[in-house]
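The values are calculated or read from the model by the stated rules, or taken from the named source; none is laboratory data. Quantities reported herein were computed from a predicted structural model and do not represent experimental measurements. Cβ placement follows ideal geometry from the backbone for every residue including glycine, while neighbour counts extend to all protein chains displayed.
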């Protein structure tokens, strides 16, 4: 048999333990937990496992990749799911024969987008991977027509943010799965097959520190007795969660609980026995349903005017309001002007 007889398929549930054991034993970075949108593959040749693959969520920040695509942050944050990271690639001893690596990557290219669509509900347009030049030169990726686009800055994630010093920069390789992938990702508008959810953004330290100040003039509807969290902190955290894609009270609370120490400080969280506490889901819900909507809208508009992205074009959208009859007996119609890029509603007219 020749290497063209090798096949690649997803790892079955009952094979998970074996997959992790082999990854831990042979890969220099060890095993990798399955978090979020992740697919594992195994390559078989002569009825033997010869290679293992992990594909998972793309890196949140990668300057060389983002420059190559040509998208701004407002597009990146709502389209990042269309980019997938080849986080592990391991050829086992049984599969170390000439041209095996590029053949296996080619087989993954052919099926990954359809598998992603079937599993997670959206396709994949671009693959990325990071190669440590201390160990490898990326030869197998070059042979499979991946493109080297630059190096990372060498900083790594820590429990409190990013490391203060850069370690070993990694080589960045990209592989478009469609010839037009780059144009689709950077286009101001995107077709429905590539929609991956609502617009979301990544909050910077400046965003977090600024949000509480925009709510400082709002009326607090709560009784003075028993207030454990300031109104500005509650509203800032809820706003930040929604900007990052949280949908509903449970999602807002989960987002708040995941905030690291630095983020909690920036939002002005209260300290109790050495710990910075975030408001609970019930506190967030009870506060949001009792505040004055006009005051909240004014505060959010002020923040958006300061930090919001600019729209290159506007969409005019009309809606007929069901069961909304005016004093003359006419059904109410609403015309709205909405930004294409930010999805901001600039005005609504009856």
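Inside the stretch 230-270, residues that are assigned to a helix (DSSP H, G or I) and within 15 Å of residue 286 (Cβ to Cβ) make up a count of 11. Taking the condition modelled with pLDDT of 90 or more and surrounded by 15 or more Cβ atoms within 10 Å (Cβ to Cβ), does residue 242 pass? No, not satisfied.
Only a single item in (1) at positive phi; (2) within 22 Å of the chain's Cα centre (by Cα) is not met by residue 267, and it is number (1). Residue 30 meets all of the listed conditions (1) closer than 23 Å to residue 134 by Cα; (2) surrounded by 15 or more Cβ atoms within 10 Å (Cβ to Cβ); (3) in contact with a helix residue (DSSP H, G or I) (Cβ under 8 Å, 6 or more places away or on another chain); (4) modelled with pLDDT under 95 but one, namely (2). Among the residues making up the stretch 186-220, those that are more than 20 Å from the chain's Cα centre (by Cα) and surrounded by 13 or more Cβ atoms within 10 Å (Cβ to Cβ) are 209, 210, 211, 212, 213, 214, 215, 218, 220.
Each row is one residue, and each column tells you yes or no for (1) more than 19 Å from the chain's Cα centre (by Cα); (2) without any contact (Cβ under 8 Å) to a residue 60 or more places away in the chain.
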site	(1), (2)
52	yes, yes
117	no, yes
127	no, no
131	yes, yes
136	yes, yes
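If we scan the stretch 84-92, do we find a residue that is buried (at least 20 other Cβ atoms within 10 Å of the Cβ) and within 27 Å of residue 203 (Cβ to Cβ)? Checked the stretch 84-92: at least one residue is buried (at least 20 other Cβ atoms within 10 Å of the Cβ) and within 27 Å of residue 203 (Cβ to Cβ). Within the stretch 156-167, not a single residue is modelled with pLDDT of 85 or more and either in a helix (DSSP H, G or I) or in the same structural domain as residue 84 (by TED's automatic domain parsing) (or both). Check whether at least one residue in the stretch 313-325 is at pLDDT below 75 and under 29 Å from residue 75 (Cα atoms), and report yes or no. So far as the stretch 313-325 goes, yes, one or more of its residues are at pLDDT below 75 and under 29 Å from residue 75 (Cα atoms).
Filtering the stretch 93-108 to residues that are more than 11 Å from residue 43 (Cα to Cα) and crowded, with 16+ Cβ neighbours inside 10 Å leaves only 102.
Here is a yes/no grid of residues against (1) more than 22 Å from residue 251 (Cα to Cα); (2) surrounded by 13 or more Cβ atoms within 10 Å (Cβ to Cβ); (3) more than 28 Å from the chain's Cα centre (by Cα); (4) modelled with pLDDT of 80 or more:
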| site | (1), (2), (3), (4) |
| --- | --- |
| 284 | no, yes, no, yes |
| 290 | no, no, yes, yes |
| 294 | yes, no, yes, yes |
| 302 | yes, yes, no, yes |
| 306 | yes, no, no, yes |
| 310 | yes, no, no, no |
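Within the stretch 186-210, the set of residues being in a helix (DSSP H, G or I) and either closer than 18 Å to residue 292 by Cβ or at pLDDT below 85 (or both) comprises 192, 193, 194.
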